[in-house]
Amino acid sequence: MIFEKIRKVTAEELGIEEDTIKMDMSFQNDLGADSLDLFQIIMELEEEFNIQIEDAEDIVTLEDAVSYVKRKIEQ
């Protein structure tokens, strides 16, 4: 559920197909996101999940994003 939402946000922001995005992919190295793309993705995730992301630099892969969002939701 969380992964699917993050994948959807990422695909929309980067203009790529959702089904090409896998959990272990890096936003920058595998998906070609630049710092502005990452900023936009983080903002979208904050809005989508109603959370505040303080440690955005720790989110490198989709898996990092899923883990971070899960932790924030459970708090």
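The values are calculated or read from the model by the stated rules, or taken from the named source; none is laboratory data. This is a predicted model, so every value here is computed, not measured. In case anyone asks, the SASA skips ligands and DNA or RNA and just uses the protein heavy atoms, side chains included. Shrake-Rupley method; radii C 1.70, N 1.55, O 1.52, S 1.80 Å.
Among the residues of segment 50-75, those identified as part of a loop (DSSP other than H, G, I, E, B) and either among the β-branched types (V, I, T) or open to solvent by less than 50 Å² (accessible area, probe 1.4 Å) (or both) are I51, I53, I59, V60.
Entry remark, segment 14-36: residues being under 10 Å from the mean Cα position of the chain (by Cα) and charged (D, E, K, R) number 0 in total. Taken over segment 21-49, residues that are open to solvent by 70 Å² or more (accessible area, probe 1.4 Å) and part of a helix (DSSP H, G or I) amount to 7.
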